[in-house]
Amino acid sequence: MADFLSGYSIQHWLESAAQGYLEGTEYGHLPGEEEPKLLFEDPLLHEQALRTTVQLVVGERCALSASSGLINAAPDEASKRFLATQTLDEARHVEIFTQRLYDLGVRKQDLEDVIRRHANPNLVKFAELLLEKVDKKDFVAGVVGQNIVLEGMAFNVFEMLHATSKELNPKFAHTLSGTIADERRHVGFGENRIGSLIRENPHRKSDVERLQKEMSYWMLATFADSFRAAPAREEIARARAQAQAGAGASATWHGVDLGQADPEEMEHVLADTVLADFKKRLGRIGIEYQTPARP
Ligand SMILES: [Fe+2]
Ligand SMILES: [Fe+2]
């Protein structure tokens, strides 16, 4: 275990993240970068940006609670230290996405109201399931729920948002690229640490498999709400496409042109990519992927 953990030490974290890809950033992006004017001119796009960012804050607040809670559940010292670095990463993610809400015009005194109003109830359920395991100090289920399911989801959502923002919103794209690099480290830890624990505790498999299936259901329900039920989703799609075309930008992710795709196609490519990712990662740690019900 000692050598696997050198890649997850605080020293490594300092060199690669704090003094590496985050050096010189301000709330995750380059100093002076701003949200594009279009977001303030088009009320639909503005609403959509707020709504999306609120889900990121909700997910990251869950990750902050989970990673800090798991420190005291971890069976070994090296995992505790890694989780301490992850806790700071997640706190940073909460901070930078909260800062984006302020940059989009949310007043500080309205922050919690805005979050409550826009938080997707299915995402809240997803978070509750995970935090229940953490509260019980169930390290195996907590790490699978957090470092494979929650972060596998976050990683892909960030990548998709990064693809759509790269040319239209470099500020947001830069904010996302640092979080993507962090999440990659977190999912790596989940796979590396939990594989051996599952082998030592095979009786935990069915429990963990049930958790993955349930969390996956609430995740798909969250995606369904975001893409199907979003108010005026057709207009948003049209405004996005216009913005992409106007900027001469193209955004392709897993073979789908995100500037042209309708919301249904976007939901499918995201859900399919995340689930395929779960399957691959769970397979590596000896957990059988369970297909969730489709909401
Ligand atoms: Fe995070
Ligand atoms: Fe994370």
Residue satisfying all of: in region 73-100; closer than 17 Å to Ile194 by Cβ and small (Gly, Ala, Ser); farthest from ligand 1 (Cβ to nearest atom) among these: Ala78
Check Lys136 against each of (1) surrounded by fewer than 22 Cβ atoms within 10 Å (Cβ to Cβ); (2) in contact (Cβ under 8 Å) with a residue 24 or more places away in the chain and name the one condition it does not meet. (2)
Name the residue that is farthest from ligand 2 (Cβ to nearest atom), counting only residues in region 164-182 that are farther than 13 Å from Tyr21 by Cα and part of a helix (DSSP H, G or I). Pro170
Taking region 62-73 as the search range and keeping residues that are within 18 Å of the chain's Cα centre (by Cα) and without any contact (Cβ under 8 Å) to a residue 60 or more places away in the chain, which one is nearest to ligand 2 (Cβ to nearest atom)? Leu64
Using the structure shown, decide if Arg116 is within 23 Å of Ile10 (Cβ to Cβ) and either more than 16 Å from ligand 1 (Cβ to nearest atom) or modelled with pLDDT under 95 (or both). no
Identify all residues within region 190-206 that are over 18 Å from Lys280 (Cβ atoms) and within 13 Å of ligand 1 (Cβ to nearest atom); write none if there are none. none
Identify all residues within region 59-95 that are touching a His at 6+ places or on another chain (Cβ under 8 Å) and either within 17 Å of Tyr21 (Cα to Cα) or β-branched (Val, Ile, Thr) (or both); write none if there are none. Gln86, Asp89
Pair list, Cβ < 6 Å and 6+ apart or interchain, from region 188-210 residues that are farther than 19 Å from Gln290 by Cα to residues that are outside any loop (DSSP other than H, G, I, E, B): Phe189/Phe82; Phe189/Asn147; Asn192/Phe4; Arg193/Ser79; Leu197/Val140
What's the number of the only condition in (1) within 14 Å of ligand 2 (Cβ to nearest atom); (2) at pLDDT below 95 that Asp76 fails to meet? (1)
In this structure, does Val208 turn out to be of a type in the set (A, V, I, L, M, F, W, C), modelled with pLDDT of 95 or more and buried (at least 21 other Cβ atoms within 10 Å of the Cβ)? no
Show the residue pairs that are 6+ apart or on different chains and have beta-carbon atoms under 7 Å apart, the first residue being within region 174-187 and hydrophobic (A, V, I, L, M, F, W, C), the second being near ligand 1 (Cβ under 10 Å from one of its atoms). Leu176/Phe158; Ile180/Phe155; Ile180/Phe158; Val187/Glu151; Val187/Phe155
For region 144-189, name all the residues that are among the small types (Gly, Ala, Ser), within 21 Å of Arg100 (Cα to Cα) and either within 15 Å of ligand 1 (Cβ to nearest atom) or under 11 Å from the mean Cα position of the chain (by Cα) (or both). Ala154, Ser177, Gly178, Ala181
Taking region 11-61 only, how many residues are within 16 Å of ligand 2 (Cβ to nearest atom) and among the β-branched types (Val, Ile, Thr)? 2
Could you say whether any residue in region 96-114 is under 29 Å from Ala276 (Cα atoms), within 16 Å of ligand 2 (Cβ to nearest atom) and surrounded by fewer than 19 Cβ atoms within 10 Å (Cβ to Cβ)? no
Could you figure out which of (1) hydrophobic (A, V, I, L, M, F, W, C); (2) outside any helix (DSSP H, G or I); (3) under 17 Å from the mean Cα position of the chain (by Cα) isn't true of Phe223? (2)
Close pairs from region 119-131: first touching a residue at least 40 places away in the same chain (Cβ under 8 Å) and charged (D, E, K, R), partner part of a helix (DSSP H, G or I) and buried (at least 18 other Cβ atoms within 10 Å of the Cβ), Cβ under 7 Å, at least 6 apart: Lys125/Trp218
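The values are calculated or read from the model by the stated rules, or taken from the named source; none is laboratory data. No experiment lies behind these values; they were computed from the predicted model shown. Here the Cβ is made from the backbone with ideal geometry for all residues, glycine too, and neighbour counts use every protein chain on show.
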